[in-house]
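Presented below is the structure to which this report refers.
Here, each number is a calculation from the coordinates, and none is a lab measurement. Everything numeric in this text was worked out from a predicted model, so none of it was measured. Reconstructed Cβ throughout: ideal geometry from the backbone, glycine too, with neighbour counts over all protein chains shown.
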Amino acid sequence: MRTNLAYSEYTQNNISIESKERLIEMLYEGILRFNFQAKKAINERDFEKKSYWINRSVDIFVELINSLNFDGGDVARYLNGLYSYQIQLLTSANIKNSIEDLDTVNKVVKGLLEAWRETNAKK
């Protein structure tokens, strides 16, 4: 099943992950890496690879949505909407070969990654 692809790949390749916090950080980093590859593929006009890398990023966002704990309150609902919007932008990037949409997603993910690292550094 595609929705578990990102999670299973990271857990298989990184058996020594110390915590769930580190896994989330790795997923954000994965989105940035996959989007970089998608941008490269767009520039090279390799649309098959572009779709492959964008779909990998989408899979990670789906996994992040599936891991949200809605009992925790407003943060989970906010992240659900934010992640869903990033999937829409990635779909648009895939259809329109839009580097701008990929850059928008990257900006959001970089912000999420920075906030995640700051939050977990305080623990």
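Percentage of Cα-Cα pair distances in segment 2-121 greater than 21 Å, rounded to whole percent? Above the 21 Å cut-off, segment 2-121 has 36 percent of its Cα pairs. Over 25 Å apart at the Cα level, from the set Lys20/Lys107; Lys40/Lys122; Lys20/Lys40, are Lys40/Lys122; Lys20/Lys40. A DSSP coil position with no more than 16 other Cβ atoms inside 10 Å describes the following GluC sites (Glu not before Pro) in segment 17-118: Glu18, Glu44. A straight chain from Leu68 to Asn55 at 0.36 nm per residue would run longer than the Cα-Cα distance by 2.7 nm.
Convex hull of alpha carbon positions in segment 65-123: directionally averaged projected area 4.5 nm². Shown for Thr104, Thr119: other C-beta atoms within 10 Å of each C-beta, ranked fewest to most, produce the order Thr119, Thr104. Dipole magnitude for segment 2-121: computed about the Cα centre from +1 point charges on Lys and Arg Cβ and -1 point charges on Asp and Glu Cβ, it is near 360 debye.
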